[in-house]
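Worksheet for the structure shown next.
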Amino acid sequence: MSRVYNFSAGPAVLPEEVLKEAANEMLNYNGTGMSVMEMSHRSKPFEEIITNAEQDLRDLMNIPDNYRVLFLQGGASLQFSMIPMNLMKNGVADYIVTGQWAKKAYQEAQKYGKVNKIASSEDKTFSYIPDCSDLPISENADYVYICENNTIYGTKFKNLPNTKGKILVSDASSCILSEPVDVTKYGILYAGVQKNVGPAGVVIVIIREDLITEDVLPGTPTMMRYKTHADAKSLYNTPPAYGIYICGKVFKWLKKIGGLTAIKEYNEKKAKIIYDFLDQSQLFKGTVVKEDRSFMNVPFITGDADLDAQFVTEATAAGFMNLKGHRTVGGMRASIYNAMPIEGVEKLVALMREFEAKNLK
Ligand code: PLP
């Protein structure tokens, strides 16, 4: 069976090379006579897998020594609680609400302290990133929280907010490893891996060492303390071992193709193809202000819900899958993560052009 072009926002397309390699190793990983799925997480081969995965991620992102890398579970959503539980020493945090995921994190944090919404783009259906150069940062804020790439709405912080010296926490679930970043700008940078890195079930948390302390909110479960996982090198309990193994393969693949500078160039090229088309189309249009456009998630509409549905149906029949926009916004969304080949985007645009020619009244 041939593969389709999968524009899903997550779980999402993974590099074919990685999947093939994993398939080859399914019954016998590296002469062990077993699959990584069947392997003890305390075994030598797995220790090598997790150690190499961490080192490759460190190399790719140039992660300084005073940051720890944790491979956790619970999805990105569990971080919505773990972050306040571990970081709210003064009981105060500032949130910038730029979409549903940031909003969920903001709402969750309210269970643990005083949480301020210091900026939002909800007034225009989250179609832009608010000006974050001079925000009313709370004097005693324990951290400032952002969702760096808004998967549903297709916006991205092109510049990080000025946190006036406060710790920055970023949900980078849908942009991690899409471009080089300066890790030193963050206190915590975390991501559910199921978009740009690997199979669902793994969360990567990159956390500055001094933020890992015993001083957490009373009642914080052992499993929700960063210290538990940092002390145990992500092996406090059984980790999502197979997922970590696939993430490790994706890190190797990224290194092989030239690292984050090369993938950024590739991602920009792909995004340009689709945005250039949208900017001149008389039928389709993008929904986000140009300067805040995501290079990972591209939402677009025709302005007519029936026509949108017809496009999605025709695209699906032609092998372009998961183009329906998020259930909360409608329209279409093409997620074009690292592993989406440029031909996928070129062919999608060709299909849109054809659809426009047939349907433009
Ligand atoms: N944050 C962002 C930016 C997301 O796109 C998503 C999921 O799509 C989440 C958080 C929630 O992730 P999870 O389902 O792993 O909890």
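The values are calculated or read from the model by the stated rules, or taken from the named source; none is laboratory data. If you're wondering where the values come from, they're calculated on a predicted model, not measured in any experiment. Please note: Cβ atoms are built from the backbone with ideal geometry, for glycine as well, and neighbour counts cover all protein chains shown.
Before moving on, here are some points about what is shown:
- Index of the failed condition, S43 passing every other in (1) more than 16 Å from the ligand (Cβ to nearest atom); (2) farther than 23 Å from A23 by Cβ: (2)
- Pairs where the first residue, in region 272-297, is farther than 21 Å from P130 by Cβ and the second is of a type in the set (A, V, I, L, M, F, W, C) and at pLDDT below 95, C-beta under 8 Å, 6+ apart: Q282/L360; L283/L360
- Residues satisfying the stated conditions in region 71-86, i.e. under 16 Å from G187 (Cβ atoms) and out of contact with any Asp or Glu (no Cβ under 8 Å at 6 or more places or on another chain): M82, I83, M85, N86
- Restricting attention to region 267-294, the residues being farther than 16 Å from G344 by Cα, surrounded by 13 or more Cβ atoms within 10 Å (Cβ to Cβ) and charged (D, E, K, R) number 3.
- Any hit, region 281-304, residues being modelled with pLDDT under 95 and either in a helix (DSSP H, G or I) or at positive phi (or both): yes
- Residue within region 196-204 that is under 30 Å from G331 (Cα atoms) and touching a Lys or Arg at 6+ places or on another chain (Cβ under 9 Å) present: yes
- E179 vs. criteria in contact with a strand residue (DSSP E or B) (Cβ under 8 Å, 6 or more places away or on another chain), surrounded by fewer than 23 Cβ atoms within 10 Å (Cβ to Cβ) and either within 23 Å of S35 (Cβ to Cβ) or touching a residue at least 40 places away in the same chain (Cβ under 8 Å) (or both): no
- The residues in region 330-361 that are crowded, with 19+ Cβ neighbours inside 10 Å and more than 16 Å from F277 (Cβ to Cβ) can be counted, and the count is 4.
- Failed criterion for D65 (all others in (1) assigned by TED's automatic domain parsing to the domain that holds K252; (2) closer than 30 Å to N150 by Cβ; (3) assigned to a loop (DSSP other than H, G, I, E, B) hold): (2)
- For region 200-214, the set of residues classified as aliphatic (A, V, I, L, M) and either within 16 Å of the ligand (Cβ to nearest atom) or surrounded by fewer than 18 Cβ atoms within 10 Å (Cβ to Cβ) (or both) consists of A200, V202, V203, I204, V205, I206, listed by residue number.
- Restricting A53, A23 to residues that are more than 16 Å from the ligand (Cβ to nearest atom) and closer than 16 Å to I176 by Cα narrows the list to A53.
- Any hit, region 121-143, residues being over 21 Å from N322 (Cβ atoms) and within 12 Å of the ligand (Cβ to nearest atom): no
- Residue within region 319-333 that is in a helix (DSSP H, G or I) and more than 20 Å from S281 (Cα to Cα) present: no
- Checking each residue in region 215-232 for being touching a helix residue (DSSP H, G or I) at 6+ places or on another chain (Cβ under 6 Å) and more than 16 Å from the ligand (Cβ to nearest atom) picks out V216, L217, T220, T222, Y226, T228.
- Residues (farther than 19 Å from Q100 by Cα and aliphatic (A, V, I, L, M)) located in region 132-159: L135, I137, A141
- Residue ID - nearest to the ligand (Cβ to nearest atom), chosen from residues in region 68-120 that are among the aromatic types (F, W, Y) and either part of a helix (DSSP H, G or I) or crowded, with 21+ Cβ neighbours inside 10 Å (or both): W101
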